[in-house]
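The values are calculated or read from the model by the stated rules, or taken from the named source; none is laboratory data. Being a predicted model, the structure only gives us computed values, none of them experimental. Note that we place each Cβ from the backbone using ideal geometry, even for glycine, and neighbour counts take in every protein chain shown.
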Amino acid sequence: MKNILLLLSFLPVTQVICGQAALSPHVASYDIRVELNTEKHVLTGTALLNWTNPSADTVGELRFHLYMNAFKNSRSTFMKESGSRFRGTAAKKEDPETWGWIDITRMSLPGSTDLTSAIRFIQPDDGNPFDQTVIRVPLPEPVLPGKKLKVEIDFITKLPKILARTGYSGDFYLVAQWFPKLGVYEPAGMRGNEKGRWNCHQFHANSEFYADFGIYRVSMTLPPEYRVGATGVRIDSVMNADSNQVLTYLAEDVVDFAWTASPRFEVINDQWNDVSVHLMIQPEHTGQARRYLHALKSAMDYFAEALEPYPYPSITVVDPPLHGLQAGGMEYPMFITAGTVAGMPERVRLPESVTIHEFGHNYFMGILATHEGEEAWMDEGMNSYFESKIMDHVYGEQRSIYDFPRFHVGSAENQRLGYTGMRNPRIASPARFSWEFPHGGYGSLSYNKAATMLFTLENLVGRPTMQEIMKTYYRRWKFKHPGGEDFIRVVNEVVRKNHGTRFGENMNWFFDQVLFGSGICDYKLASVQVKRIQPPAGIEEVGGNKVTYRNIEYSEELYENRVIIHRLGDVVMPLEVKIDFDDGSSVTEYWDGKEETWEYRHEGSRKIVRAVLDPENKILLDLNRQNNSFTLHPRQGTIRNWAVNFLFILQHLFHIMAIFLA
Amino acid sequence: MHIIKNYLRGARFSIRSWQLVTLLYLVHTLLGLVMVLPFYSAMKDTIGPSMALENFHESFQYTAWTEFTRNFSQKMQVFVGIIGYALLFSLFVQVFLKGGILAMIREDYARFTLKRFAEACGTWFMRFLQVSLIVLLLHLVLAFLIWLPASLILQHQFTHTFTGQSLFRTVLITLILHFMLGSLLFLFGEYTRYTLFLSDKTGVFRAFRKAVVLVLNKIYLVYPLFLLLLVNGILLSLVWFFLQKATGFGTGLTLLLLFLLQQAVFWLRNMLRLWLTASQFYLYSEFPNPLIS
């Protein structure tokens with residue numbers, strides 16, 4: 001806690017620009033000058049790093065990410081883990097232009113204390129000696145708590161042909177993870193750390209990024225015909241003696257800096273409140289600019305209401321060309337990449353969906369700045385939850401992604417089905433390092449399951465409570481790198497305040513099962529039974545007299561009704577069961593869901609006709625909703641319709657074959 | 001004039017041949033039912049007493065549909081496997097029927113009898129099967145010859161200055177090229193059968209060569225007739241599209257109406273096929289020297 005306080009103490013003393021107080025502690029700031037050689041696809045740059053030791057520790061070394069070395073050869077950890085493929089596209093190993101790398105040609109402290117010769121590659125995650133994505137730099141003198149350190153770095157970066165997020169394709173450049181980037185020195189107490197430590201993981205196939213806040217001032221030199229978009233605000237634009245343009249951008253309170261350049265971009269400028277909106281779009285996609293902008297502004301409106309207004313002065317949306325689509329769907333502070341193709345139907349809202357998703361990352365990866373690698377669910381999962389809420393809110397539930405009259409898909413249901421459709425949903429829990437997910441479980445668990453978990457939580461505690469949870473979490477933790485436990489503490493606090501002990505002492509039971517556990521949730525309405533029973537026999541005391549039952553007249557037939565539910569999964573959730581009777585009446589029963597089976601019995605003149613488990617669809621984590629209902633009078637209209645249509649299709653299939661082959 | 005005359009003659013024949021049309025309809029329907037009945041039973045078994053699909057006819061529900069198809073997928077795999085065999089079996093049946101169809105067309109308005117039809121089917125089965133296999137093989141070769149260079153062009157362009165619009169254009173041009181050459185192959189195969197049938201010979205390859213020469217020489221007659229007959233199918237499809245839209249997702253009585261409409265449309269489609277075959281056969285019979293010696 002002491003160290004957190006130390007970290008927070010930087011806020012009032014950080015650099016104040018334009019008369020506004022800094023939003024974040026400026027722990028790692030960069031002043032970078034870089035030149036892009038568009039013939040060789042090489043960046044030559046100089047960076048001045050200004051780092052403040054945020055901890056109470058004396059730090060004797062620095063650690064840097066050299067992300068671009070992930071593309072240096074097929075033996076890097078990134079390439080080995082991904083099988084040299086990313087999002088279905090394989091790296092062309094025989095093409096020398098496929099590869100990218102970064103070299104530090106000089107690293108020194110002011111006063112010419114050289115550090116270059118002390119640089120060592122380390123592999124803290126897997127010990128892969130061929131991986132060069134992290135370096136360790138011992139310092140001649142340690143940095144004392146709260147003290148600043150300046151480091152000058154000269155570097156050369158060869159951009160790869162776009163494979164994963166970064167690189168070039170033709171004359172399109174997406175320049176990301178391109179400079180030597182300092183790891184995060186986490187003080188004791190931060191994100192559950194017992195003591196201070198460098199958090200600087202290798203670049204993995206599934207991992208994304210984590211960095212300290214700072215001010216980025218970046219000047220890039222490149223040919224004049226290129227149109228450029230970047231993190232931050234352009235503060236200067238001049239031509240140099242070589243007739244190249246020199247553009248300078250400034251970005252404050254951000255954790256990264258990315259930029260794009262292409263002579264083919266159409267640039268559309270717009271505004272959302274005081275925020276400048278820049279859309280860098282392909283000429284053949286300009287007809288879709290309205291869609292991009294509407295989606296972006298809708299997301300900005302929604303987040304402003306749900307969390308807080310977007311705090312940065314600008315946002316840039318990049319629409320990559322078809323041949324550079326591998327750069328699409330990526331998030332950086334104040335800078336996102338989306339993606340579409342020419343002729344994308346209005347009713348297919350993939351450009352909208354990706355725009356909203358990537359913009360949302362600005363809140364989770366960018367402002368809360370959670371660790372995308374170690375706790376991907378806090379970024380991808382929460383962001384997917386918001387993405388679906390916004391999509392369904394703006395474009396309509398159950399039709400926000402695909403919206404055709406006879407085929408429509410909503411975003412929230414798509415999230416859920418992404419998880420429930422896994423071959424093995426027990427394969428892992430969502431709360432693990434992103435590179436430790438086995439067999440492709442990363443996407444389904446850290447995006448889809450985590451989002452579905454939050455939807456289920458919302459359904460359990462109610463929308464107002466969930467809104468309060470998210471708002472409290474955001475306001476308390478923005479610009480502070482929260483961990484998973486920090487979020488759960490907020491959940492427990494707000495739920496307890498609003499609902500007392502209705503859900504138990506806290507909500508840990510929920511997170512233990514679905515976040516930290518890998519069990520599945522599946523309740524099944526196993527049977528509904530109705531049995532006619534004989535009137536009772538024997539003798540009963542009525543008013544002190546012994547009366548035989550046969551002397552009591554029963555005007556109606558009597559039935560014994562039973563509803564039996566089975567819990568097929570390990571996860572326990574509280575449930576409601578709605579039971580309908582033949583006289584039109586119904587009852588709703590509550591079950592805590594804990595036992596392996598549960599039974600409802602009713603004796604009387606009414607007959608049960610159907611029962612529905614979780615009738616309001618609250619428990620979205622239930623893997624199979626088809627078994628959540630049971631009727632004694634099934635209606636087969638739908639499958640009869642399918643059978644009739646299948647016959648029609650088969651008849652035509654045989655017929656077409658006859659025409660062309662016989 | 002050749003085209004219109006034979007187009008109308010073929011139409012007259014197909015309208016009068018309702019028995020033959022009905023026979024073709026029944027054969028296809030029987031083949032379909034062999035697949036559909038166990039399919040329906042398996043679907044019924046999968047959904048069981050669940051109410052998940054009860055309101056599906058009122059509005060499409062992606063979740064219900066996806067969960068049903070997932071639960072049904074294992075059984076579905078069996079059907080997907082069977083469909084391949086069913087199509088193969090159907091091919092043999094179709095080839096078998098062809099001889100009978102041509103015999104009826106040659107006799108023009110003569111009365112349809114099942115015996116004469118079956119005899120003709122048996123007589124021509126092996127020769128027509130050879131023609132079908134040759135055409136099938138050529139279709140595969142054609143697909144390879146068209147799509148291999150097309151994919152190389154796409155791949156090359158994709159990594160250079162490619163845009164979505166040029167991707168669309170390249171794929172569209174390739175599809176049109178494939179359709180045009182594929183329809184030519186279809187015509188070669190069809191007219192090979194006529195050559196064999198009219199000559200009453202066994203030399204399949206010689207007949208194929210003859211048909212290719214004749215079709216190419218008379219392409220200005222053959223291809224417009226083919227396109228004219230294609231228009232019939234497109235018009236029928238449009239009529240069906242609007243009818244189906246009006247019917248909606250049927251259950252109960254509307255499903256019965258849908259079923260009757262579908263079957264009527266399919267019956268008409270068989271009639272169109274007969275129209276197509278008869279028109280082409282009559283046209284070919286008028287070509288100079290359509291026989292092989």
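For the range A:222-232, check the following and say yes or no: at least one residue is acidic (D, E), part of a strand (DSSP E or B) and closer than 30 Å to B:S166 by Cβ. Give the derivation first.
Of the residues in the range A:222-232, the ones acidic (D, E) are A:225.
Narrowing the set further to residues that are part of a strand (DSSP E or B) leaves none.
Checked the range A:222-232: no residue is acidic (D, E), part of a strand (DSSP E or B) and closer than 30 Å to B:S166 by Cβ.
Taking A:P438 as the residue in question, decide whether it is within 20 Å of the chain's Cα centre (by Cα), assigned to a loop (DSSP other than H, G, I, E, B) and modelled with pLDDT of 95 or more.
On the way: within 20 Å of the chain's Cα centre (by Cα): yes; assigned to a loop (DSSP other than H, G, I, E, B): yes; modelled with pLDDT of 95 or more: no.
It is false that A:P438 is within 20 Å of the chain's Cα centre (by Cα), assigned to a loop (DSSP other than H, G, I, E, B) and modelled with pLDDT of 95 or more.
Looking only at the range A:179-196, count every residue that is assigned to a loop (DSSP other than H, G, I, E, B) and under 24 Å from the mean Cα position of the chain (by Cα) and tell me the total.
Initial filter on the range A:179-196 (assigned to a loop (DSSP other than H, G, I, E, B)): A:179-180, A:183, A:187-189, A:193-196.
Within this subset, residues satisfying the condition of being under 24 Å from the mean Cα position of the chain (by Cα) are A:183, A:193.
Total meeting the criteria: 2.
In the range A:113-125, which residues are assigned to a loop (DSSP other than H, G, I, E, B) and not polar (S, T, N, Q)? Spell out the reasoning first.
Restricting attention to the range A:113-125, the residues satisfying the condition of being assigned to a loop (DSSP other than H, G, I, E, B) are A:115, A:119, A:122-125.
Residues satisfying the conditions are A:L115, A:I119, A:I122, A:P124, A:D125.
Looking at the range A:290-316, which of its residues are free of Cβ contacts under 8 Å to residues at least 60 places away in the same chain and within 12 Å of A:H357 (Cα to Cα)?
Hit for the range A:290-316 is A:M300, nothing else.
For (1) modelled with pLDDT of 90 or more; (2) of a type in the set (G, A, S), each residue gets a yes or a no:
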residue	(1), (2)
B:A207	yes, yes
B:V213	yes, no
B:L216	yes, no
B:L225	no, no
B:L228	no, no
B:N232	no, no
B:F249	no, no
B:L253	no, no
B:L257	no, no
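I'd like the full set of residues that are assigned to a loop (DSSP other than H, G, I, E, B) and over 19 Å from A:G604 (Cβ atoms), limited to the range A:526-550.
Within the range A:526-550, the first condition is being assigned to a loop (DSSP other than H, G, I, E, B), and the residues that meet it are A:534-538, A:543-544.
Of everything in the range A:526-550, those that are assigned to a loop (DSSP other than H, G, I, E, B) and over 19 Å from A:G604 (Cβ atoms) turn out to be A:G538, A:G543, A:G544.
Has the range B:36-47 got at least one residue that is more than 18 Å from A:Q651 (Cα to Cα) and among the polar types (S, T, N, Q)? Steps first, answer last, please.
Here is the first cut: in the range B:36-47, the ones more than 18 Å from A:Q651 (Cα to Cα) are B:41-47.
Imposing the further condition that a residue be among the polar types (S, T, N, Q) reduces the set to B:41, B:46.
Looking for residues that are more than 18 Å from A:Q651 (Cα to Cα) and among the polar types (S, T, N, Q), one finds at least one in the range B:36-47, hence yes.
Among (1) surrounded by 15 or more Cβ atoms within 10 Å (Cβ to Cβ); (2) modelled with pLDDT under 90, there is one condition B:T123 misses while meeting the rest; what is its number?
All conditions are met except number (2).
In the list B:V34, B:V78, which residue meets the criterion of being within 11 Å of another protein chain (Cβ to nearest Cβ), more than 23 Å from A:L417 (Cβ to Cβ) and either in contact with a Lys or Arg (Cβ under 9 Å, 6 or more places away or on another chain) or in a helix (DSSP H, G or I) (or both)? Steps first, answer last, please.
Numbers: B:V78 fails: within 11 Å of another protein chain (Cβ to nearest Cβ).
Just one listed residue meets the conditions, B:V34.
Can you tell me which residue within the range A:348-372, out of those that are modelled with pLDDT of 95 or more and part of a loop (DSSP other than H, G, I, E, B), is nearest to the other protein chains (Cβ to nearest Cβ)?
As a first pass, look at the range A:348-372 and keep what is modelled with pLDDT of 95 or more: A:348-371.
So of that shortlist, the ones also part of a loop (DSSP other than H, G, I, E, B) come out as A:349, A:369-371.
Working: A:R349: 14, A:A369: 34, A:T370: 30, A:H371: 33 Å.
For the range A:348-372, the residue satisfying everything is A:R349.
For the structure I just gave you, tell me whether A:A164 is of a type in the set (A, V, I, L, M), at pLDDT 95 or above and closer than 27 Å to A:D253 by Cα.
On the way: of a type in the set (A, V, I, L, M): yes; at pLDDT 95 or above: no; closer than 27 Å to A:D253 by Cα: yes.
No.
Among the residues of the range B:83-102, write down those that are away from every other protein chain (no Cβ under 11 Å) and either surrounded by fewer than 16 Cβ atoms within 10 Å (Cβ to Cβ) or under 22 Å from B:D45 (Cβ atoms) (or both).
Across the range B:83-102, the qualifying residues are B:G84, B:Y85.
A:M378 - would you say it is away from chain B (no Cβ under 14 Å) and in a strand (DSSP E or B)? Write out each step before concluding.
Values: away from chain B (no Cβ under 14 Å): yes; in a strand (DSSP E or B): no.
Criteria not met by A:M378.
Of the numbered conditions (1) farther than 30 Å from B:R273 by Cβ; (2) modelled with pLDDT of 85 or more; (3) in contact with a helix residue (DSSP H, G or I) (Cβ under 6 Å, 6 or more places away or on another chain), B:S73 fails exactly one; give the number of that condition.
(3)
Of all residues in the range B:88-113, which are touching a residue at least 12 places away in the same chain (Cβ under 8 Å), part of a helix (DSSP H, G or I) and hydrophobic (A, V, I, L, M, F, W, C)? Steps first, please.
Looking only at the range B:88-113, we keep the residues that are touching a residue at least 12 places away in the same chain (Cβ under 8 Å), and these are B:89-93, B:95-106, B:108-109, B:112.
Still in the running and part of a helix (DSSP H, G or I): B:89-93, B:95-106.
Answer for the range B:88-113, where residues must be touching a residue at least 12 places away in the same chain (Cβ under 8 Å), part of a helix (DSSP H, G or I) and hydrophobic (A, V, I, L, M, F, W, C): B:F89, B:L91, B:F92, B:V93, B:V95, B:F96, B:L97, B:I101, B:L102, B:A103, B:M104, B:I105.
Taking into account only those residues within the range B:45-70 that are outside any helix (DSSP H, G or I) and more than 8 Å from chain A (Cβ to nearest Cβ), which is modelled with the lowest pLDDT? Full working, then the answer.
Filtering the range B:45-70 down to residues outside any helix (DSSP H, G or I) leaves B:48-61.
With more than 8 Å from chain A (Cβ to nearest Cβ) added as a condition, the list becomes B:55, B:58-59.
Details: B:N55: 85, B:E58: 80, B:S59: 85.
The extreme case among them is B:E58.
Conditions tested, residue by residue: (1) in contact with a His (Cβ under 9 Å, 6 or more places away or on another chain); (2) crowded, with 18+ Cβ neighbours inside 10 Å; (3) among the small types (G, A, S).
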| residue | (1), (2), (3) |
| --- | --- |
| A:L174 | no, yes, no |
| A:N206 | no, yes, no |
| A:I268 | yes, no, no |
| A:D274 | no, no, no |
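Which of (1) more than 9 Å from chain A (Cβ to nearest Cβ); (2) closer than 30 Å to B:Y7 by Cβ; (3) surrounded by fewer than 19 Cβ atoms within 10 Å (Cβ to Cβ); (4) not acidic (D, E) is the odd one out, the single condition B:G248 does not satisfy?
(2)
Pick out the one residue from A:G396, A:G410, A:G421 that is crowded, with 19+ Cβ neighbours inside 10 Å and free of Cβ contacts under 8 Å to residues at least 40 places away in the same chain.
A:G410
Return the pairs, sorted by first residue and then second, in which the second residue is charged (D, E, K, R) and in a helix (DSSP H, G or I), the first residue lies in the range A:360-375 and is over 14 Å from A:P309 (Cα atoms), the beta carbons are less than 6 Å apart, and the residues are 6+ apart or on different chains.
Short answer, once both residue conditions are applied: A:M365/A:D379; A:T370/A:D379; A:E372/A:D379.
Could you check how many residues of the range A:67-112 are in a helix (DSSP H, G or I), farther than 17 Å from A:Q202 by Cα and in contact with a strand residue (DSSP E or B) (Cβ under 6 Å, 6 or more places away or on another chain)? Give the steps one after another, and end with the answer.
Pass one, the range A:67-112, residues in a helix (DSSP H, G or I): A:67-71, A:77-82, A:96-98.
After this cut, where a residue has to be farther than 17 Å from A:Q202 by Cα as well, the list is A:96-98.
After this cut, where a residue has to be in contact with a strand residue (DSSP E or B) (Cβ under 6 Å, 6 or more places away or on another chain) as well, the list is A:97-98.
Total satisfying the criteria: 2.
Any idea which of (1) within 14 Å of another protein chain (Cβ to nearest Cβ); (2) of a type in the set (F, W, Y); (3) more than 30 Å from A:P283 (Cα to Cα) is the one A:Y185 doesn't satisfy?
Status for A:Y185: all satisfied but (1).
Which condition from (1) in contact with a Pro (Cβ under 8 Å, 6 or more places away or on another chain); (2) touching a residue at least 60 places away in the same chain (Cβ under 8 Å) is the one that B:V204 breaks?
Among (1) in contact with a Pro (Cβ under 8 Å, 6 or more places away or on another chain); (2) touching a residue at least 60 places away in the same chain (Cβ under 8 Å), the lone unmet condition for B:V204 is (1).
Which residue pairs have Cβ atoms under 7 Å apart, sit 6 or more places apart or on different chains, and have a first residue in the range A:616-630 that is at the interface with chain B (Cβ under 7 Å from one of its Cβ atoms) and touching a residue at least 24 places away in the same chain (Cβ under 8 Å) and a second that is among the charged types (D, E, K, R) and assigned to a loop (DSSP other than H, G, I, E, B)?
Partner pairs satisfying both residue conditions: A:N624/A:D522.
Could you please let me know if B:R206 is within 13 Å of chain A (Cβ to nearest Cβ) and either of a type in the set (S, T, N, Q) or part of a helix (DSSP H, G or I) (or both)?
Working: within 13 Å of chain A (Cβ to nearest Cβ): no; either of a type in the set (S, T, N, Q) or part of a helix (DSSP H, G or I) (or both): yes.
Against the criterion (within 13 Å of chain A (Cβ to nearest Cβ) and either of a type in the set (S, T, N, Q) or part of a helix (DSSP H, G or I) (or both)), B:R206 does not qualify.
If the requirement is being surrounded by fewer than 17 Cβ atoms within 10 Å (Cβ to Cβ), in contact with a Gly (Cβ under 9 Å, 6 or more places away or on another chain) and more than 14 Å from every other protein chain (Cβ to nearest Cβ), which of these qualifies: B:R111, B:R116, B:R16, B:R106?
Numbers: B:R111 fails: in contact with a Gly (Cβ under 9 Å, 6 or more places away or on another chain); B:R16 fails: in contact with a Gly (Cβ under 9 Å, 6 or more places away or on another chain); B:R106 fails: in contact with a Gly (Cβ under 9 Å, 6 or more places away or on another chain).
That would be B:R116, the only listed residue that is surrounded by fewer than 17 Cβ atoms within 10 Å (Cβ to Cβ), in contact with a Gly (Cβ under 9 Å, 6 or more places away or on another chain) and more than 14 Å from every other protein chain (Cβ to nearest Cβ).
Return the residues of the range A:479-525 that are assigned to a loop (DSSP other than H, G, I, E, B), among the hydroxyl-bearing types (S, T, Y) and surrounded by 16 or more Cβ atoms within 10 Å (Cβ to Cβ); say none if nothing qualifies. Reasoning before the result, please.
Step one: filter the range A:479-525 for residues assigned to a loop (DSSP other than H, G, I, E, B), giving A:479-483, A:500-507, A:515-520, A:522.
With among the hydroxyl-bearing types (S, T, Y) added as a condition, the list becomes A:501, A:518.
The answer is A:S518, and nothing else.
Test A:A412 against the criterion of being within 14 Å of chain B (Cβ to nearest Cβ) and within 16 Å of the chain's Cα centre (by Cα), and give yes or no.
On the way: within 14 Å of chain B (Cβ to nearest Cβ): yes; within 16 Å of the chain's Cα centre (by Cα): yes.
Yes, satisfied.
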